[in-house]
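The structure appears below as structure tokens.
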Amino acid sequence: MIYQGKAIRVQALGDGNAELTFDLQGESINKLSSAVILELEEAVKALQAQSDIQGLMISSAKDVFIVGADITEFHGIFGKDEDYLVEMNLKVHQLFNTIEDLPYPTVTAINGLALGGGCEMLLTTDFRVMAEGAKIGLPETKLGIIPGWGGCVRLPRLIGADNAIEWIAGGTENKAAAALKVGAVDAVVAPALLREAALDLLAEARAGKINWEAKRAEKKAPLRLNPVESMMVFETAKGFVAGKAGPHYPAPVEAIKAIQKGATAGREKAQEIEAKIFAKMAKTDVCFNLVGLFLSDQLIKKKASAYEKQVSAVKKAAVLGAGIMGGGVAYQSASKGTPIMMKDINEAALQLGLKEASKLLGKQVERKKITPAQMAEALGRIRPTLSYGDFADVELTVEAVVENPKIKAAVLAELEDKVAEDAIITSNTSTISITSLAENLKRPENFCGMHFFNPVHRMPLVEVIRGEKSSEKAIAATVTYAKQMGKTPIVVNDCPGFLVNRVLFPYFGGFIGLVEHGADFQKVDKVMEKFGWPMGPAYLLDVVGLDTAVHANDVMAEGFPDRMKRDEKTVLNIMYEAGRLGQKNATGFYKYEEDRKGKPKKVADESTYGLIEPLIKDKRELTDEQIIARMMVPLCLETVRCLEDGIVETAAEADMALIYGIGFPPFRGGALRYIDAMGVDAFVQLADSLADLGPLYHVTDKLREMAAQGKRFYA
Ligand code: NAD
């Protein structure tokens, strides 16, 4: 043994070759934490001390190669100053350069995932052999940084600037065939042949059949691009990528700048350029928030997997109602592999539900995501029915009939008699209390909420709602089924609006107030979209439907009369009473026309101003900042109340639910991270300055205490 550490071992293979193996003790994966990098330094020194080595293979003893740097360390490290970060990366560059410069041929055997720092590690060797099914990529820009351990330098030299830009700016995970096609790897083999193939390549290089020194020199040399080519590649890419990423995500364009500036420089100079841009990006709020999201997502996955361990997978599901939501649930379940009965009382609704499912599957076939045979298989998993005939072995049912408490109560009671005693029943209600719906059931412990968002196939969140009597088994089964459907379940406790709608309606309350102070709804939309929301509040209300919004708003007002009840009519009532339901009848705040693809396209409707006019109490001149504050403060405060009331367990889950459920701008990290970023004290002062606007803007005692004590939501 040449070296043995806790994550790395190096051994002589007896034929002049050595093997450096990543095998992190106590973990199922390899990652490059600071401790592992220190070990790598020692391992390389130990290798250098051996005089008889003639070839090196780098490999992994896990099911993956290396998943990347250790993201749990990022917040701590990125908190240091820029100079520190530059120095830190230059040290890793030195280490990777030492590996790249070893005086004999080197090869990496890539299995499973090789991402981020793991991918940068394998770029140091002369050759790469990849197992079928493995994936490599540099997803750093998704965390608001750029590859910092040589990815921006080595990848373009290996696969060309255009391909490298696509990989790095897109943050894609690339399959073996795609990697081979662009020359990122030298061979792709069956997993069982990986070691043998890598060692064969090494043998050929050692025997002089492949000129490894020339290959290495080429990988280290600057790119040969003339000014016109350079202009074509980089400037075009920057324009395209900037447009796609939008103004709030600077990392993809900064990565292209790092590639461009380093392209014609020597290796070390290019690495310095990369280190500086990396450090600059690591210090941004966007990076801080995106890393935070990653960590929160890990927490949610961990919680879901603890539930999944308590129950077995749902083998047969059912959905009641084949409408917008029921049809979506059936499609999602079937396309992810769980057979589902779809029951309605109306044959035409069943046909519509099936048509929608086959349209969505057809699109996947068009995009080559699935084959026609897989589409047929998925469709075969949906069993439309008008009766409860085959419900005896259904393990979990999602009730998605019309939003009417009496109808729902009757349907749920009827269903309970048709399914097995231990079957789980859930409701997709958006407003009705889960505890009250359970009152009519004989087995309320088997019942909970399963709140999907529209459109089901696109929205990642499922709120799993715990009623007073819901058992942990019911919650565990529902979380498990949501995971089977490829969704992100977040468990919350019962209250009007649950978590997401309870937080969304105070935001609409902010909008209602702005309209009453004469703000132009189109301007409010523009300001909030610039802030980062996928759509402004007026547009969002049109998409939700004004009828649905009025109904939900009434439920919220009844539940929280102190801050959500209004005695007079609001803009929501006025629009609804004027028959403006939003997108569903092509007229709301905006008008909707069909675009060329048959999708609703929003156009301005001047007549809306006439409808709103009588509501305006006093016209105020409002800046963009004031509009943002008046929209965001009620939303943030309601999120705080949900956390204080125990509706949601952690700040991380609250923030992720808003991001996954209503498209809260991800780069802002969620409502509670938004407060943290402003400073709790500054946020309280801002809310206090708006206190005259009403109770939606009133700070809770606990938040005031947090501000006084200098506390934050996230450590
Ligand atoms: P929808 O009107 O599109 O569909 C309801 C379907 O239920 C209809 O096909 C109807 O025929 C059927 N139905 C009525 N009574 C039935 C019965 N006794 N048995 C079986 N089927 C019956 O409504 P939707 O928008 O899909 O909403 C369904 C539920 O989902 C509601 O509770 C709603 O609040 C909730 N929800 C809706 C949205 C949304 O954006 N549409 C989002 C989240 C949750």
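The values are calculated or read from the model by the stated rules, or taken from the named source; none is laboratory data. All values derive from a computational prediction rather than experimental measurement. In this analysis, Cβ positions are derived from the backbone assuming ideal geometry, glycine residues included, and neighbour counts consider all displayed protein chains. Note: areas computed on protein heavy atoms with side chains; ligands, DNA, RNA excluded. Shrake-Rupley method; radii C 1.70, N 1.55, O 1.52, S 1.80 Å.
Dimensions of region 501-709 from C-alpha coordinates, computed as largest minus smallest value along each principal axis and given longest first, are 53, 38, 33 Å. Using a probe of 1.4 Å, the accessible surface attributed to TYR507 totals some 0 Å² when neighbouring protein chains are kept in position. Full extension of the chain between THR623 and LEU299 yields a length gain of 112.8 nm, computed as 0.36 nm times the residue separation minus the alpha carbon distance. Centre-to-centre, using Cα atoms only, region 446-511 and region 89-126 are separated by 44 Å. Within a straight-line Cα-Cα reach of under 18 Å, LYS315 can be paired with the following aspartates and glutamates, leaving aside sequence neighbours fewer than 8 residues apart in one chain: GLU377, ASP390, ASP393, GLU395, GLU399, GLU421, ASP422. The order of ASP297, ASP681 by accessible area, most exposed first and with a 1.4 Å probe, is ASP681, ASP297. The Cα-based radius of gyration and maximum Cα-Cα distance (Dmax) for the chain are 28.6, 89 Å. Note on ASN211/THR236: beta-carbon distance plugged into 1/(1 + (r/R0)^6) with R0 of 51 Å gives a FRET efficiency of 0.90. Among residues other than GLY5 with Cβ under 13 Å from its Cβ, the summed charge is -1 (Lys and Arg +1, Asp and Glu -1). Could you give the length gained on full extension between LYS369 and HIS698, defined as 0.36 nm per residue of separation minus the Cα-Cα distance, in nm? Here the answer is 113.5 nm. Solvent exposure of the chain amounts to 43 Å² per residue of accessible area, where only protein heavy atoms count and the probe is 1.4 Å. The local environment of PHE288, defined by Cβ-Cβ distances under 12 Å, has a net charge of +1 under the rule Lys, Arg +1 and Asp, Glu -1.
Applying a DSSP loop filter and a limit of 14 other Cβ atoms within 10 Å to the trypsin sites (Lys or Arg not before Pro) in region 430-481 leaves LYS442, ARG458.
From the Kirkwood radius over Cα pairs of region 3-283, Stokes-Einstein at 4 °C and 1.567 mPa s returns a whole-number translational diffusion coefficient of 69 µm²/s. Within the shell defined by Cβ-Cβ distances under 11 Å, the residues around PRO252 carry a net charge of +1, with Lys and Arg each +1 and Asp and Glu each -1.
Taking a straight Cα-Cα cut-off under 20 Å and skipping sequence neighbours fewer than 8 places away in the same chain, the lysines within cross-link reach of LYS6 are LYS31, LYS45, LYS62. Counting heavy atoms of the protein chains alone, ARG195 has an accessible area of about 110 Å² for a 1.4 Å probe. For the chain, the longest principal axis of the C-alpha atoms and the axis of helix 161-170 are separated by about 40°.
Of the solvent-accessible surface of region 261-404, computed with a 1.4 Å probe over protein heavy atoms with every protein chain present, carbon and sulfur atoms account for 58 percent. Rolling a 1.4 Å probe over the protein heavy atoms of region 501-709, with every protein chain left in place, gives an accessible area that is 50 percent carbon and sulfur. Placing dummy labels 7 Å off each Cα toward the beta-carbon, the span from ASP70 to ASP567 is 6.1 nm. Quick check: the distance between the Cα centres of region 68-82 and region 266-328, to the nearest angstrom? Here the two parts' Cα centres lie 17 Å apart. Listed by chain and number, the lysines whose alpha-carbon sits under 29 Å from that of LYS617, ignoring those within fewer than 8 places in the same chain, are LYS523, LYS526, LYS530, LYS565, LYS569, LYS591, LYS602.
With both partners inside the chain, how many of the DSSP beta bridges are antiparallel, as a percent to the nearest 5? Here the share of antiparallel DSSP bridges comes out near 30 percent. If the chain linking LEU38 and ALA586 were pulled fully straight, counting 0.36 nm for each residue of separation and taking away their Cα-Cα distance, it would gain 191.1 nm.
If one takes the longest principal axis of the Cα atoms in the chain, at what angle in degrees, from 0 to 90 and to the nearest 10, does the Cα axis of helix 680-689 lie? Compared with the principal axis, the helix lies near 30 degrees. Checking the table LYS244/LYS599; LYS215/LYS283; LYS215/LYS244; LYS363/LYS487; LYS469/LYS599; LYS175/LYS473 against a 31 Å threshold on Cα-Cα, which pairs fail? Too far apart for the 31 Å limit: LYS215/LYS283; LYS215/LYS244; LYS469/LYS599; LYS175/LYS473. Taking only protein heavy atoms and a 1.4 Å probe, the accessible area of region 98-170 is 51% carbon and sulfur. The Kirkwood hydrodynamic radius of region 314-494, based on inverse pair distances between different Cα atoms, is 16.0 Å.
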